[in-house]
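Beneath this line is the structure, given in structure tokens, with notes to follow.
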Amino acid sequence: MRKLRRAQTALEYLFMVAAALILVAITLQVILNSMQNINDVIANYTTTIRQKLIENL
């Protein structure tokens, strides 16, 4: 009976670790997507500013 309880505890622990890893993966994906979007916005902004500067010269 004691081995069964120990196995159940180990299984619960593995599921908790798996859930935590999934949450970490989702968080990293969101952060990476956000960074990519910020880079795109900055690139578009600098391109627009360069064009405005060239037009004003």
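The values are calculated or read from the model by the stated rules, or taken from the named source; none is laboratory data. Worth saying up front: this structure is predicted, and the values here are computed from it rather than measured. Neighbour counts are summed over all protein chains in view; Cβ atoms, including those assigned to glycine, are modelled from backbone coordinates with ideal geometry. Heads up: the accessible areas ignore ligands, DNA and RNA and are worked out on the full protein's heavy atoms, side chains in. Shrake-Rupley method; radii C 1.70, N 1.55, O 1.52, S 1.80 Å.
Per-residue ellipticity at 222 nm, computed for the chain from helices alone with -39500 (n - 2.57) per DSSP H run of at least four residues, works out to -36500 deg cm²/dmol. For segment 26-43, backbone phi angles converted through the Karplus equation (6.51, -1.76, 1.60; θ = phi - 60°) give residue-by-residue couplings of 5, 4, 4, 5, 5, 5, 5, 5, 5, 5, 5, 5, 5, 4, 5, 5, 5, 4 Hz, Gly and Pro being listed as x. Apply 1/(1 + (r/R0)^6) to the Cβ-Cβ distance of Tyr13 and Asn39, taking R0 = 35 Å, and write down the FRET efficiency to the nearest 0.05. E between Tyr13 and Asn39, to the nearest 0.05, is 0.35.
Per the 1.4 Å probe, what fraction of the accessible area of the chain, in percent, lies on carbon and sulfur atoms?
69
Working note: Karplus 6.51/-1.76/1.60 with θ = phi - 60° gives segment 47-57 the couplings 4, 5, 5, 4, 4, 5, 5, 5, 5, 7, 7 Hz, where Gly and Pro are set to x.
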